[in-house]
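**Q** Have a look at this one before I ask anything.
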Amino acid sequence: MTSQPPPRPAAKSYDGEGIVVGFDAHRCLHAAECVRGLPTVFDVGRRPWVQPDNAPADEVAEVIHRCPSGALQYHRTDGMPDEVPDVPTHVSLHADGVLHVRGDLEVATPYGPRHETRVMLCGCGATDNTPYCDHSGPCAGHG
């Protein structure tokens, strides 16, 4: 009998006017696109660290789209569309063995398939967050 892994905790969500921001700490590899791109919204020294009402929803969405790992996601509640996947799908292998993928994706995980638009996938196989990279394997020195 194959045992199922325990379910991952749900991503934390932060409600704002016109946009809900989701954050999955298990996926964050600290690229810092968020804090550099919109420090009034994303500030790790503040609680809560995400305050989507501190900028227009369009700006929040644009900065989230820069997050390479997909740890940050958004859902528009103002009638505007959610994130549109990149077309064509783009895959790049970085020197540290991490696959960066953007597009209309279905990612097979131990918890079932997930629809994604941006992911960083483990290329070395030594992740504790299969199939997402967590820099726990040989790539740790490159993070």
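The values are calculated or read from the model by the stated rules, or taken from the named source; none is laboratory data. Keep in mind that what you see is a predicted model, and the values were worked out from it rather than measured. Every residue, glycine as well, gets a Cβ built from its backbone with ideal geometry; the counts of neighbours run over all protein chains shown. Side chains are part of the model used for accessible areas, which takes the heavy atoms of the whole protein and leaves out ligands, DNA and RNA. Shrake-Rupley method; radii C 1.70, N 1.55, O 1.52, S 1.80 Å.
**Q** Need the full-extension length gain, ARG76 to VAL20, defined as separation in residues times 0.36 nm minus the C-alpha distance. One decimal, nm.
**A** Details: separation 56, 0.36 × 56 = 20.16 nm, distance 0.64 nm.
Contour length minus the Cα-Cα distance gives 19.5 nm.
**Q** Keeping the other protein chains in place, figure out the carbon and sulfur percent of the accessible area of the stretch 2-143, with a 1.4 Å probe.
**A** Working: 4400 of 7930 Å².
Summing carbon and sulfur atoms, their accessible area is 55 percent of the total for the stretch 2-143.
**Q** Continuing with the same structure: For the stretch 94-103, just list the computed ³J(HN,Hα) in residue order, Karplus coefficients 6.51, -1.76 and 1.60, θ = phi - 60°, integers in Hz, with x standing in for Gly and Pro.
**A** Values, residue by residue: 8, 4, 7, x, 8, 8, 9, 10, 9, x Hz.
**Q** Using the heavy atoms of the protein chains and a 1.4 angstrom probe, tell me the accessible area per residue for the chain in square angstrom.
**A** Values: 8160 Å² over 143 residues.
It amounts to 57 Å² per residue over the chain.
**Q** Expected output is a single nm value to one decimal: the length gained when fully extending between ALA31 and ALA126, i.e. 0.36 nm times separation in residues minus the C-alpha distance. What is it?
**A** Values: separation 95, 0.36 × 95 = 34.20 nm, distance 1.99 nm.
Between ALA31 and ALA126, full extension yields an extra 32.2 nm.
**Q** Further question: Report the semi-axes of the equivalent ellipsoid for the chain in whole Å, largest first, where each axis is √(5λ) for an eigenvalue λ of the Cα gyration tensor.
**A** Details: eigenvalues 132, 57, 52 Å².
With the √(5λ) rule applied to the chain, the semi-axes are 26, 17, 16 Å.
**Q** ASP104 to LYS12: FRET efficiency via 1/(1 + (r/R0)^6), r the Cβ-Cβ distance, R0 22 Å, to the nearest 0.05? Working shown, then result.
**A** On the way: r = 25 Å, r/R0 = 1.13.
Efficiency, from the Cβ-Cβ distance: 0.30.
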